[in-house]
Structures are given as structure tokens and as C-alpha cells.
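The values are calculated or read from the model by the stated rules, or taken from the named source; none is laboratory data. The shown structure was predicted, so the numbers you read here are calculated from the model rather than taken from an experiment. Because the Cβ atoms are built from the backbone with ideal geometry, glycine has one as well, and the counts that use them run over all protein chains shown.
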Amino acid sequence: MPTPLEAMFTKTRKENRAALIAYLPAGFPSAQGCKNAIAVLAKAGVDAVEIGFPYSDPVMDGPTIQRAADISLKGGTGATEVFSTLKFAHDIGLPAVVMTYWNPIERFGLDRFAQEMAGNGGSGVITPDLTIEESEQWKISTSAAGINTIYVVAPSTNNDRLARVTAQCSGFVYAASLMGVTGARADLSSGGHDLVARIRKTTELPVAVGLGVSTRAQARTVAGYADGVIVGSAFIKALLDAKDEASGLEAIGELAKELAAGVREGR
């Protein structure tokens, strides 16, 4: 049986468009505030949500996401809050995955983490710092739980390794469009387009591009060649810059509508 994430990509492919995937750390701007934000994003046209497991040493994350993760951690966010947020997204009909560094999974227990994911309606887990060579036990746990394993590839990934990594992915392949940390950018790198073209030679899985998208025009561009457009820092910055939660929610709702229009204009 397909996961909600897989079913979502089947739907968007039939509609000949890319999916809009939003990223927010659990517990940001607060435990309830994150759920409120997810509800707003769903209503504004986001197709799926990527829930971040805040971590004290986020090597892939830029300053915006690091600030949000710090706020979340200071608020006491841990596995319980991550799974509660996951369940909320699932209950309102939004396919949801968790992005987490490996250490929290290892501390929680591989089988237990995978089962909690499935039990709370999660479709899969993105593990940016887990290599396929170290994934044997994780693959066993996720297979038993029926959830997707999503690995990250970058422009520096050579063709031989690209084929080996995408063969271990399910749900979608996460294409980091440029070298470096996350963050909204004024100009998009051409690396995303080239990387997606290379990925398509290795797999028929959907390919979602992350790192840098913050405007309707950028979403339109990426949607022209990718199956999914991942936006995180732009939503987080809107919440960080807002004078209060209500105005932050209004800001991300407007941004999501613009980005949702952009992905629908891409083809």
C-alpha cells in the first residue's frame, strides 16, 4: 500500500505539476504554533510537510533554520513533540515526513522510531547525514514499519554513487540544489537542474529540490524540471520576522499561496 507521500506524488504527476513541500521544525514558533502554521500552510495549497527534528548540531542547516531550531529546543521539543506534530499533519490530511539527523534516531531506537513514525501517520524520514553504507539496520526497521527512506544527494555526488543512493530511496529523492547550508537565496543555482537531469537517468522516483527557493518565480523555475519544490527558510523567516504569531501565520499563508501558484505555473 502506498504511503500518503507516494499517493500525493501520483496525484501531482497526473495533474502535470510539481508538489509544494513546506519545511518547519517541530516546536517552532511553539508546540501549538507549529501546528497552527501547518494548518495554515495546508489551507494555502501546500501539498506535503517536512517536519524537522530540532538538533543541537545541525550541520546542513543555515542560520535561519538554526535560529528556529534553537527556539524549539529551548521550548523543550523532543521526540514526543515531533510525533505529535506529525500526527496533527496526518489528521488534517497533509502527507508528512520527518527530517532528522541520525543521532536522535539512534538514541530513540531504530525500530521504535520507525514504528512511531508509522503509528502517527508519517510517510517517511529524510536522513541528511546517514550514508547508504551505514543504513542496513535502518532499512530493516523502515521496511517493517512500511515507511519511506529518503536520502539527500548533491551536485558533488558522482554518477556512480548517485545510482547507488537513489536505488536505496523510496518516496522521493531529495536533491540539494547547491553545495552549502540551507537558506533562501536571491538567485538560484543552475546546479539543481543539472542534478535532477542526472538523477532521472538512475531512477523513476519523484525528485524534490530543496535549498534556496523563496519566491513564486523561483518556485515556477524549479517546478519546470522537478517533481517537488521544498521551501523551508522562507517560511521560517516570515515567522521569525513577524511581530506576533497571528501576523506570522498570515505572512506564511500569503507566501504559500504565491509559491503554490508558482509550482502550478512551472509546466
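Yes or no, residue by residue, for (1) over 28 Å from Ala69 (Cα atoms); (2) buried (at least 21 other Cβ atoms within 10 Å of the Cβ); (3) among the acidic types (Asp, Glu):
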{"site": "Gly191", "(1), (2), (3)": "no, no, no"}
{"site": "Arg198", "(1), (2), (3)": "yes, no, no"}
{"site": "Glu204", "(1), (2), (3)": "yes, no, yes"}
{"site": "Asp227", "(1), (2), (3)": "no, yes, yes"}
{"site": "Ile230", "(1), (2), (3)": "no, yes, no"}
{"site": "Asp241", "(1), (2), (3)": "no, no, yes"}
{"site": "Leu255", "(1), (2), (3)": "no, yes, no"}
{"site": "Ala261", "(1), (2), (3)": "yes, no, no"}
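Look through the stretch 69-84, keep the residues that are assigned to a helix (DSSP H, G or I), out of contact with any Lys or Arg (no Cβ under 9 Å at 6 or more places or on another chain) and not aliphatic (A, V, I, L, M), and return whichever of them is nearest to Gly119 (Cα to Cα). The qualifying residue nearest to Gly119 (Cα to Cα) is Phe83. Scanning the stretch 3-15 turns up no residue that is touching a Gly at 6+ places or on another chain (Cβ under 9 Å) and at pLDDT below 95. Taken together, the residues in the stretch 129-158 that are more than 22 Å from Ser84 (Cα to Cα), in contact (Cβ under 8 Å) with a residue 40 or more places away in the chain and not β-branched (Val, Ile, Thr) amount to 3.
The residues of the stretch 122-149 that are assigned to a loop (DSSP other than H, G, I, E, B) and in contact with a Phe, Trp or Tyr (Cβ under 9 Å, 6 or more places away or on another chain), listed by number, are Gly122, Thr127, Pro128, Asp129, Leu130, Thr131, Ser135. Residues in the stretch 243-267 that are within 10 Å of Ala37 (Cα to Cα), of a type in the set (Asp, Glu) and either modelled with pLDDT of 95 or more or under 19 Å from the mean Cα position of the chain (by Cα) (or both): 1 in all. Suppose the filter is closer than 27 Å to Arg164 by Cβ and either more than 18 Å from the chain's Cα centre (by Cα) or modelled with pLDDT of 90 or more (or both); does Arg198 pass it? So Arg198 passes the test. When restricted to residues that are under 21 Å from Arg264 (Cβ atoms), of a type outside the set (Asp, Glu) and part of a loop (DSSP other than H, G, I, E, B), the stretch 198-227 contains 8.
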